[in-house]
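The values are calculated or read from the model by the stated rules, or taken from the named source; none is laboratory data. Note that the structure is a prediction, hence the values are computed from the model and not measured. Positions of Cβ are backbone-derived with ideal geometry, glycine not excepted, and every protein chain shown enters the neighbour counts.
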Amino acid sequence: MHWKVGKVKITKIVELETVGSTRFILPLASSEEIRKLPWLIPQFATEEGRLKMSIHSLVVETPSRRIVVDTGLGNDKQGRNVPTWNNRNGPYLETLTQAGFPPDSIDTVLCTHLHVDHVGWNTGLVGGTWVPTFGRARYVFGKAEFEHWRDHSDEPYQKAVFADSVQPIVDAGKAELIAGDARLCDEITMIPTAGHSPGHMSIHIQSEGEQALLSGDVAHHPCQMAHLDWSSTADSDPVQSALTRRQLFARFADQPTLVIGGHFDAGHIRRDGDAFRFDAFKFISLA
Ligand SMILES: [Zn+2]
């Protein structure tokens, strides 16, 4: 599955897809409430009102760079607070390679934030040691985000995530810390979008008059465009995250901007009353 934004190509690499089982992350998104938002169905929710979500990476190819945005859960990790995220043995790297992106062809890894489901494949277990999965890449983290999790990983599972998926990148000398509004290359600028996490960044892509927004976890699901106050249980600051949603969606609403979430598929943001809705991207078949 891929999209074009001027000279930039974006490809989605899925690690895990889920339907339902999302009440723990978005407790207000009951099936009854979701069925009141028919524009979510069928792309983003089922007829029964169950949410469709995924854990995925986005490979962004510019004329000069090959970037992996967010790296999922990873294999062999332990100490996670979601039991099924431990000791995984998934085919993510095979999927990535089959899509045309062997790990050594990646020159940049960019994490929107440093939560467990966005840093996992930063590293892989080799001979009992966590080593960088993308051996030729520099890994780009937000400075504020990195410093927060380095200094304030209070829970054991947060410590585990930092220790096995972030610190080894630093130890290998491959980490680069950037400001939340940094320009990564000609086509890519970061947008600071704190709330879900203290140093969360979204990614703005511009090329040849076209643009895209990789929103990360500003919203976990498009239902939060209609209900901006439906903060996720994973949001570190639920009030700020709601404010950030309103600001970011207002900036990109009613434009031809392609928007892809950290856990949902592509579409376009539209104003809808005092909030927003999300129109699923329609693929044009070239066959
Ligand atoms: Zn996430």
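When each of Thr71, Thr62 is tested for being modelled with pLDDT of 95 or more, surrounded by 19 or more Cβ atoms within 10 Å (Cβ to Cβ), more than 27 Å from Asp164 (Cα to Cα) and not hydrophobic (A, V, I, L, M, F, W, C), the lone residue that passes is Thr62. Within segment 193-231, the set of residues being hydroxyl-bearing (Ser, Thr, Tyr) and either at pLDDT below 95 or away from the ligand (no atom under 15 Å from the Cβ) (or both) comprises Ser207, Ser231. Among the residues of segment 44-95, the one identified as of a type in the set (A, V, I, L, M), without any contact (Cβ under 8 Å) to a residue 60 or more places away in the chain and farther than 25 Å from Tyr157 by Cα is Val59.
Looking only at residues in segment 49-69 that are touching a helix residue (DSSP H, G or I) at 6+ places or on another chain (Cβ under 7 Å), more than 13 Å from the ligand (Cβ to nearest atom) and not in a loop (DSSP other than H, G, I, E, B), the one that is farthest from Leu37 (Cα to Cα) is Arg66. Of all residues in segment 86-110, those satisfying the criterion of being of a type in the set (A, V, I, L, M, F, W, C) and in contact with a helix residue (DSSP H, G or I) (Cβ under 8 Å, 6 or more places away or on another chain) are Leu93, Leu96, Val109.
Restrict the check to segment 137-147 and report whether at least one residue is within 20 Å of Arg245 (Cα to Cα) and either more than 15 Å from the ligand (Cβ to nearest atom) or out of contact with any Gly (no Cβ under 8 Å at 6 or more places or on another chain) (or both). Yes. Figure legend. Inter-residue proximity from segment 174-200: first residues closer than 15 Å to Arg138 by Cα and of a type in the set (A, V, I, L, M, F, W, C), second residues within 16 Å of the ligand (Cβ to nearest atom) and in a loop (DSSP other than H, G, I, E, B), beta-carbon distance below 9 Å, spacing 6+ or different chains. Indicated pairs: Ala175/Val166. Checked against (1) without any contact (Cβ under 8 Å) to a residue 12 or more places away in the chain; (2) within 19 Å of Gly216 (Cα to Cα), Ile41 passes all but a single condition, namely (2). Do we find that Ala242 is touching a strand residue (DSSP E or B) at 6+ places or on another chain (Cβ under 6 Å), more than 16 Å from the ligand (Cβ to nearest atom) and at pLDDT 95 or above in this structure? No, not satisfied.
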